[in-house]
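In what follows, a single structure is set out as structure tokens and then discussed.
The values are calculated or read from the model by the stated rules, or taken from the named source; none is laboratory data. These numbers were taken from a predicted model, which means no experiment stands behind them. For neighbour counting, all protein chains shown are included, and Cβ atoms are generated from backbone atoms with ideal geometry for every residue, glycine included. Note: areas computed on protein heavy atoms with side chains; ligands, DNA, RNA excluded. Shrake-Rupley method; radii C 1.70, N 1.55, O 1.52, S 1.80 Å.
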Amino acid sequence: MPSKKVTDLRALKAYAHPLRIRIDRALNAVRTATVTQLAEMVDEPVALVSYHLHKLVEYGYIEEAAPQGRDGRERWWQPAADVFAMRWKDFSDGPEGVAAYIGAGHQVIQARMQSLLQYVGQQAAWPPEWASSTFSNGRLLKLTHEELQEMSEEAAEFCDRWAARSREAQESSDGGDREHVELQMYGYPFKP
């Protein structure tokens, strides 16, 4: 499944809702689900999840999947892309775009950090082989913007390689001891 660029301001604003981000993250983890299954995953009422799911469909983040059930009466949904790229340069030409980009960024990072903090709180409950194989790695570097761009491209290649490996393993049903793993990487300038 390819990645898609988000360049439409309305689409960015539509995504920047905390529940829509949670629905999108849940669906990306399981790859296909019904609205009822998604409601259980995000612990919200089916009607509320259905409303927000249809907003995600309207703006192309989610699409209908082939029926998974025996009778085909339930509607199944899937992500429309593996990654939706939202870039500063596509929204930085006016105050409304900047505000929407910043708002969406806050919501996405908040959802990611919530997931990470939840794992840290539950790490002791995982089997030792899983708890000891997790990693957290940070560096404080001094780079040019060209070097940061190069690092960004290398990080994207790294993520793409591991995403492809994960997809291939799932499609082949290799039976390995697999769990959902979230990989987060950030590279940004700051003033100490």
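Can you say whether Arg87 is touching a strand residue (DSSP E or B) at 6+ places or on another chain (Cβ under 8 Å), open to solvent by 60 Å² or more (accessible area, probe 1.4 Å) and either of a type in the set (Phe, Trp, Tyr) or modelled with pLDDT under 95 (or both), as far as the supplied structure shows? Outline the logic, then answer.
Details: touching a strand residue (DSSP E or B) at 6+ places or on another chain (Cβ under 8 Å): yes; open to solvent by 60 Å² or more (accessible area, probe 1.4 Å): yes; either of a type in the set (Phe, Trp, Tyr) or modelled with pLDDT under 95 (or both): yes.
For Arg87, the condition - touching a strand residue (DSSP E or B) at 6+ places or on another chain (Cβ under 8 Å), open to solvent by 60 Å² or more (accessible area, probe 1.4 Å) and either of a type in the set (Phe, Trp, Tyr) or modelled with pLDDT under 95 (or both) - is met.
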Taking the condition more than 29 Å from Leu19 (Cα to Cα), open to solvent by 70 Å² or more (accessible area, probe 1.4 Å) and more than 16 Å from the chain's Cα centre (by Cα), does Glu74 pass? no
Output yes when any residue across the stretch 16-35 is in a strand (DSSP E or B) and not polar (S, T, N, Q), and no when none is. yes
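State whether one or more residues within the stretch 132-153 are touching a residue at least 60 places away in the same chain (Cβ under 8 Å) and either of a type in the set (Lys, Arg) or in a loop (DSSP other than H, G, I, E, B) (or both).
Step one: filter the stretch 132-153 for residues touching a residue at least 60 places away in the same chain (Cβ under 8 Å), giving none.
No - not one qualifying residue is present in the stretch 132-153.
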Just to be sure I understand, how many residues within the stretch 18-73 are under 28 Å from Ile102 (Cβ atoms), among the small types (Gly, Ala, Ser) and touching a Ser or Thr at 6+ places or on another chain (Cβ under 9 Å)? 0
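Val57 - would you say it is open to solvent by less than 70 Å² (accessible area, probe 1.4 Å), under 14 Å from Ile23 (Cβ atoms), assigned to a helix (DSSP H, G or I) and of a type outside the set (S, T, N, Q)?
Values: open to solvent by less than 70 Å² (accessible area, probe 1.4 Å): yes; under 14 Å from Ile23 (Cβ atoms): yes; assigned to a helix (DSSP H, G or I): yes; of a type outside the set (S, T, N, Q): yes.
So Val57 fits the description; yes.
Just give me the residues in the stretch 70-104 being touching a residue at least 12 places away in the same chain (Cβ under 8 Å), farther than 18 Å from His54 by Cα and not hydrophobic (A, V, I, L, M, F, W, C), in sequence order. Full working, then the answer.
Taking the stretch 70-104 first, the residues touching a residue at least 12 places away in the same chain (Cβ under 8 Å) are 74-88, 90-91, 96-97, 100-101, 103-104.
Now restrict to residues that are farther than 18 Å from His54 by Cα: 82-83, 85-88, 90-91, 96-97, 100-101, 103-104.
Passing the criteria: Asp82, Arg87, Asp90, Glu96, Gly97, Tyr101, Gly103.
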Can you confirm whether the stretch 69-83 contains a residue that is in a strand (DSSP E or B) and among the aromatic types (Phe, Trp, Tyr)? yes
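Anything in the stretch 1-28 that is among the aliphatic types (A, V, I, L, M), in contact (Cβ under 8 Å) with a residue 60 or more places away in the chain and open to solvent by less than 40 Å² (accessible area, probe 1.4 Å)? List them, or say none. Walk me through how you get there before you give the answer.
Here is the first cut: in the stretch 1-28, the residues among the aliphatic types (A, V, I, L, M) are 1, 6, 9, 11-12, 14, 16, 19, 21, 23, 26-27.
Cutting the leftovers down to in contact (Cβ under 8 Å) with a residue 60 or more places away in the chain gives us 1, 6, 9, 12, 16, 21.
Selection gives Val6, Leu12, Ala16, Ile21.
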Gln107 being surrounded by fewer than 19 Cβ atoms within 10 Å (Cβ to Cβ), under 30 Å from Ser136 (Cβ atoms) and among the polar types (S, T, N, Q): yes
Residue among Tyr119, Tyr51 that alone is open to solvent by less than 70 Å² (accessible area, probe 1.4 Å), farther than 17 Å from Asn28 by Cα and in a helix (DSSP H, G or I): Tyr119
Failed criterion for Ser136 (all others in (1) in contact with a helix residue (DSSP H, G or I) (Cβ under 9 Å, 6 or more places away or on another chain); (2) under 19 Å from Thr7 (Cβ atoms); (3) loosely packed, with under 10 Cβ neighbours inside 10 Å; (4) not charged (D, E, K, R) hold): (2)
